[in-house]
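Data block below; observations after.
The values are calculated or read from the model by the stated rules, or taken from the named source; none is laboratory data. The structure displayed is predicted, hence computed values, not measured ones. Methodologically, a virtual Cβ is constructed for each residue, glycine included, from the backbone with ideal geometry; neighbour enumeration extends over all protein chains shown. Ligands, DNA and RNA are stripped out before the accessible areas are found, and what is left, the full protein with its side chains, is counted by its heavy atoms. Shrake-Rupley method; radii C 1.70, N 1.55, O 1.52, S 1.80 Å.
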Amino acid sequence: MGTNRHAQAMAKTNPKTNPKTKLRTTPVTYTNTSADAMRHYEQALDHLLHFREEVVPEAEAAVRDSPDSVMGNVLTTYLGLLGTEETGAAGVRGSFDAYRKRMRLADVTPQERMHLAAAASWLDGDLHRAGRILGEISVTDPRDVLALAVGHQVDFFTGNATLLRDRIGGVLSAWDRDDPRYGFLLGMYAFGLEECGHYGWAEQTGLEAVERDARDVWGIHAVVHAYEMQGRFAQGIRYLDDRADHWADGNYLNVHNWWHYALYVLETGRTDRVLEVYDSAVRHEGSADVAMELLDAASLLWRLYLAGADTGGRWAALADAWAGRHDSAYYVFNDLHAVMAYVGADRIREAEELVRDRETWLRSTGPRLSGVSNAAMTAEAGLPVCRALVAYGQRRYDETVDLLFPLRYRLHIFGGSHAQRDAVQKTLVEAALRAGREDLARTLLSERISLRPTCPYNWNAQARLAEHLGDSARAAAARQRAAEQASATT
């Protein structure tokens, strides 16, 4: 696992920026944007592509310098939305609405009007329309890096694997491969390729992105996903260990990449190592408890919960963090991870209250939700999954199966990646085994093993199924295979 390297990486703070990074001078003039504001805007874009925390002060500096800058106001609005939190959206809604009231659409460029429309659509809850508008911008100006970066995240939040790939693939030919930002497009494209199942191509593309800029944490993230989906856990650990100086802290994606590290370690069966990563990097006393980090924490602990591992008092602390947020219906992908935390902490009442609250929200707002993306996400997939998680926590495994089985090919509706949604897929497998639904468990495990034959979890589950069926020889063979794969990962 590279324990020394791991410890050194977690101790490091405030990495230096890459001195070789260059900024591309945008070939367009933005409305009401001075030269100084433009410099701040370009620097903010660079930080955005690197997922650096400095993106916010640079974007705010652009607006301070040119309060009526269209793109400065658009960028700060996008930044408030990218965290998938209602409080973030509320924090930028007032300033964006005030700006739109005082500006004249006739004075801005068509491209800027489209950005304004995309930001307004997202603020109104229509992520899908925002993504479509950003896609239209990429057709007319394939070199608008803000439209590409934000649109790529919208595709992630809405679970659209094809657009994760093709939004970026559709502009690559319009870019000069020598452009300093071209590598970041490759990192995005690699993630889209991976989500569409092109694992080898995704790996190659992601490696090129990281070769161009070692601090391209999204490119690193894409390579990590490619290894995860191929069951190449040992290689994934080595890859992250070797590049820890470039991803392990100082950026918005570091917790998520540590989560990936922990998933690799989990395949070794070393839950102590997994909890070490959890405590030092995923969630600890210094954590900000933002939704995107809390859901990584819940997702990791849930996998340990499914395995019956002792996680100490971590569930209770995590449930407290979710409860302290007082989130209303905004993004159901966050909600289902809050439910995981409540169920894991044996606070079923709070999980049920969250489910009832979302049910009430859907009923009370009715037709007004027709343009709100989260409404369909919640009704069609999010709430059934939340109910299934509650049922699992109450050992109502047949009900869990009946809720999840019809959804297993539609979980992308509420966003996230294949790796993230696998926590739900594993819940279905575990419920089928515990409910004695052997035929279904056999089918599910055959699917998983055929797709990813190198995965200790899959083989251990296969061994349990064989034991249920009284096939001790097959159970022993499956356990042996799992042990061999796990030992190869350490």
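Residue 198 versus residue 452, label points 7 Å from Cα toward the beta carbon: distance in nm?
2.1
Grab the other residues whose beta carbon is less than 14 angstrom from that of residue 104, score K and R as +1, D and E as -1, and report the net.
Local charge sum for residue 104: +1.
How charged is the neighbourhood of residue 371? Take every other residue with its Cβ under 10 Å from the Cβ of residue 371, and add Lys/Arg as +1 and Asp/Glu as -1.
Local net charge: 0.
Given a 1.4 Å probe and heavy atoms of the protein chains only, how would you sort 472, 373, largest accessible area at the top?
472, 373
Which three extents, in whole angstrom, do the alpha-carbon atoms of the range 377-477 cover along their principal axes, largest first?
Taking max minus min along each principal axis of the Cα atoms, the range 377-477 gives 44, 28, 18 Å.
Using the basic label-point model (7 angstrom from Cα toward the beta carbon), what is the residue 472 to residue 178 distance in nanometres?
About 7.1 nm, to one decimal.
Of all the C-alpha pairs in the chain, what % are more than 38 Å from each other?
Numbers: 29775 of 119805 pairs.
When all Cα pairs of the chain are counted, 25 percent exceed 38 Å.
Whenever you get a sec, compute what percent of the accessible area on the chain sits on carbon and sulfur atoms (1.4 Å probe).
Roughly 50 percent of what the probe reaches on the chain is carbon or sulfur.
Against the empirical 2.2 N^0.38 Å scaling, what ratio does the C-alpha Rg of the range 274-408 come to?
Details: Rg = 15.0 Å, N = 135, 2.2 N^0.38 = 14.2 Å.
Working it through for the range 274-408, the quotient is 1.05.
Sort 242-252, 354-364, 136-146, 190-200 for me by packing, meaning the mean count of neighbouring Cβ atoms within 10 Å per residue, highest on top.
Highest to lowest by the protection proxy: 190-200, 242-252, 136-146, 354-364.
Where does the chain land at 222 nm, in deg cm²/dmol rounded to the nearest 500, when only DSSP H runs of n ≥ 4 count, each adding -39500 (n - 2.57), divided by all residues?
Estimated from H runs of four or more residues: -21500 deg cm²/dmol.
Dipole of the chain (Lys/Arg Cβ +1, Asp/Glu Cβ -1, origin at the Cα centre): which of 403, 336, 200 lies farthest to the positive side?
Projecting each Cα onto the dipole axis, the largest value belongs to 403.
Using 7 Å Cα-to-Cβ label points, what is the residue 348/residue 106 separation (nm, one decimal)?
For the pair residue 348/residue 106, the computed spacing is 6.5 nm.
Starting from the Cα coordinates of the range 107-265, work out the convex hull volume and express it per residue in Å³.
Spread over its residues, the Cα hull of the range 107-265 gives 119 Å³ apiece.
Got a sec? Charge dipole of the chain, +1 on Cβ for Lys and Arg, -1 for Asp and Glu; which of 41, 94, 263 is way out at the positive end?
263
How big is the range 186-278 along each principal axis, measuring the range of its Cα positions in Å and listing the largest first?
35, 28, 19
How much length is gained if the chain between residue 317 and residue 409 is pulled fully straight, taking 0.36 nm per residue apart and subtracting their Cα-Cα distance, in nm to one decimal?
29.9 nm
Any chance you could run the full-extension gain for residue 53 through residue 162? It's 0.36 nm times the residue separation minus the Cα-Cα distance, nm to one decimal. It would help to have the intermediate numbers written out before the result.
On the way: separation 109, 0.36 × 109 = 39.24 nm, distance 2.89 nm.
Once the chain is fully extended between residue 53 and residue 162, it gains 36.4 nm.
Starting from 0.36 nm per residue, how many nanometres of slack lie between residue 238 and residue 35 once their C-alpha separation is accounted for?
On the way: separation 203, 0.36 × 203 = 73.08 nm, distance 4.41 nm.
Extra length available between residue 238 and residue 35 comes to 68.7 nm.
Roughly how big is the range 387-490's charge dipole about its Cα centre, with Cβ charges of +1 (Lys, Arg) and -1 (Asp, Glu), in debye to the nearest 20?
200
How much space per residue, in cubic angstrom, does the convex hull of the C-alpha atoms of the range 84-178 take up? Mind dumping the intermediate values first?
Values: hull volume 10.2 nm³, N = 95.
In the range 84-178, the Cα convex hull volume per residue is 108 Å³.
Rank by packing, highest mean first: peptides 65-76, 264-275, with packing defined as the count of other Cβ atoms within 10 Å averaged across residues. Write down the numbers at each step before the final one.
On the way: 65-76: 23.2, 264-275: 20.3.
Put in order of decreasing packing, that is 65-76, 264-275.
Taking only protein heavy atoms into account and a 1.4 Å probe, give the accessible area per residue of the chain in Å².
About 40 Å² of surface per residue is accessible.
Which of rounded, prolate or oblate describes the range 211-356 when judged by the alpha-carbon gyration tensor and an a/c cut-off of 1.5?
Prolate.
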